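The values are calculated or read from the model by the stated rules, or taken from the named source; none is laboratory data. Bear in mind the structure is a predicted one, so any value in this text is a computation, not a measurement. Cβ: placed from backbone, ideal geometry, glycine included. Neighbour counts: every protein chain shown. Ligands, DNA and RNA are stripped out before the accessible areas are found, and what is left, the full protein with its side chains, is counted by its heavy atoms. Shrake-Rupley method; radii C 1.70, N 1.55, O 1.52, S 1.80 Å.
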Amino acid sequence: MPKITKEQKIILIVGLIAIILGAIYRFSPFLTDIFSGGGEMASTGKKLMKYREILARRSSHEEELAGLTRVLRRGESGLLSGETPALAAVDIQNRLTRMAGKSDVEIKSQRVLKPYQSNDPSPGESFYMRVPVNVTLISSVRQLKEILYRIETDPKMLIITQMSVSVVSIKNPDDVRTTLAVEGLMNIQGN
């Protein structure tokens, strides 16, 4: 058997010490739990308390979700009816025709434009499509004011995105020709 030199003994002792220190470092949480007597119980108790807090918060989150769902349903009641953008555009046209009839306004033309989604939608906006309609009216200024009021206060969320007004005749400046771009929103997720 070969004899171990003094240098080899030092290297061997240092190596054993390193292994022992590594093992202590690796297993220290386990050893602490064993020698502390109730570490596992305390840890389990803390976990149980944490889970109870989460369950207590759950009911408040469920109530908040129910409230937000009610608000969303109320807001979506203002969306256009119709399963397709074409049917939603017809809904806008029918509403504009009724509004014009109530104000004795002559509608010269109505034109459905291409529906679109915003280029850079906000997180919730990707669920909705904008349905635009162009309408040209001949009216007095008072009648125009009534039409604009009716559009803005309609139960459906109609938005006037563009408007141009010009006098029909210089001899009769009371009559104006108005071109409006009116948009409504429709839900595209349910389709």
*What number comes out for the charge environment of ILE138, summing +1 per Lys or Arg and -1 per Asp or Glu over other residues with Cβ under 9 Å away?*
0
*Put a dot 7 Å past each Cα toward the Cβ at ILE19 and GLU106; how far apart are the dots in nm?*
10.5 nm
*asked:* Rounded to two decimal places and with Rh computed the Kirkwood way over Cα pairs, what is Rg over Rh for the stretch 47-100?
replied: 1.44
*Which of LEU158, LEU65, TYR51 sits closest to the plus end of the dipole of the chain, meaning its Cα is farthest towards the positive end, when Lys and Arg get +1 and Asp and Glu get -1 on the C-beta?*
TYR51
*Sulfur and carbon atoms: percent of accessible area, the stretch 130-184 [1.4 Å]*: 55 percent
*Partners for LYS108 among lysines (Cα-Cα distance below 25 Å; same-chain residues under 8 apart left out)*: LYS145, LYS156, LYS171
*Run the dipole for the chain about the Cα centre, Lys and Arg Cβ at +1, Asp and Glu Cβ at -1, nothing else charged, and hand back the magnitude in debye, nearest 20.*
600 debye
_Unit charges on C-beta of K, R, D, E only; dipole of the stretch 150-191, Debye_ = 80 debye
*Could you give P(r) for the chain, binned at 5 Å from zero, as whole percent values over all Cα-Cα pairs?*
1, 6, 10, 11, 9, 7, 6, 5, 4, 4, 4, 4, 4, 4, 4, 4, 4, 3, 3, 2, 1, 1, 1, 0, 0, 0
*Stokes-Einstein translational diffusion, the stretch 134-186 - Kirkwood Rh over all Cα pairs, 1.306 mPa s, 10 °C, in µm²/s*: 136 µm²/s
*What is the spread of the Cα atoms of the stretch 70-160 along each of their three principal axes, largest first, in whole Å?*
42, 28, 23
*What figure in square angstrom, to the nearest 10, would you give for the accessible area of VAL135 with a 1.4 Å probe?*
0 Å²
*asked:* Need the full-extension length gain, LYS46 to THR84, defined as separation in residues times 0.36 nm minus the C-alpha distance. One decimal, nm.
replied: 8.2 nm
